[in-house]
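The values are calculated or read from the model by the stated rules, or taken from the named source; none is laboratory data. Fair warning: this is a prediction, and the values are worked out from it, not measured in the lab. All Cβ positions, even for glycine, are placed from backbone atoms using ideal geometry, and neighbour counts span all protein chains on display.
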Amino acid sequence: MSKNVISNSVIRRLPRYYRFLGELEENGYVRISSRELSEKMGLTASQIRQDFNCFGGFGQQGYGYNVSELRRQVGIILGLDKKTPLILMGAGNLGKAIATHIDFSNRGFELIGIFDVNPEVVGKQIGKIPVRDISELENFCTENKPQAAVLCVPQEAAEKEINRLIDYGINAFWNFTHYDLSISHENVLVENVHLGDSLTILSYAINSAEKEQENEDS
């Protein structure tokens, strides 16, 4: 099946499969059936088989799935065997936390540069990477050819910086700003992260559970 017709919901389950399979591997599992995996992940066995069949299927009837091999194959599908060069824009609190705590090397990327406009952080190191002044960005991109960027800049600066990055050959963005790239730049690859939205969804879940409990009690 072509990648173009694989649904977004299937793609978004792949990292979860990868994570669960890693935990199983660490706990000594050699093989697992779709039924056993479904019980651990809260999915149906049919859904799991359908998801993997989108990529050709990896199990054997009567045997199930080899845990380490399935995890390896899912990792290849996700591109985790590659090291796409990536830069980070914005070395404030959020950018620093991401650069420090995200394991890019096991997520298909290599963080090769960090940029900021603040003279108080330029020249300092985050991990082993120095924070460079934004004025160095063009030369750095010309020499190192990053393919992706993490955006941790203020919303008002996002559009200008994104246009600049696209001009420098970057077309994939992990976007923590509130600027919607997908509207203004249809051909770029974007994964938008809205932490506030995620927290709001939790608030909705709590509110819904409380209302359901009130209805049951009434």
Only one of L70, L80, L88 is part of a loop (DSSP other than H, G, I, E, B), at negative phi and not charged (D, E, K, R), namely L80
Could you please let me know if S33 is farther than 23 Å from E161 by Cβ, modelled with pLDDT under 95, in the same structural domain as Y168 (by TED's automatic domain parsing) and not charged (D, E, K, R)?
-> no
Per the filter on the stretch 97-117, residues farther than 15 Å from W174 by Cβ and either surrounded by 13 or more Cβ atoms within 10 Å (Cβ to Cβ) or aromatic (F, W, Y) (or both) are D116, V117
Pair list, Cβ under 9 Å, 6 or more apart: the stretch 93-120 residue within 20 Å of G75 (Cα to Cα), other residue among the basic types (K, R) | F104/K83; S105/K83; G108/K82; G108/K83; F109/K82; F109/K83; E110/K83
When you look at E120, is it of a type in the set (D, E), out of contact with any strand residue (DSSP E or B) (no Cβ under 6 Å at 6 or more places or on another chain) and closer than 18 Å to I166 by Cβ, yes or no?
-> no
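To keep it simple, each residue is scored yes or no on (1) of a type in the set (A, V, I, L, M); (2) at pLDDT below 95.
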site: V5; (1), (2): yes, yes
site: N8; (1), (2): no, yes
site: I11; (1), (2): yes, yes
site: Y18; (1), (2): no, no
site: L21; (1), (2): yes, no
site: E26; (1), (2): no, no
site: L37; (1), (2): yes, yes
site: K40; (1), (2): no, yes
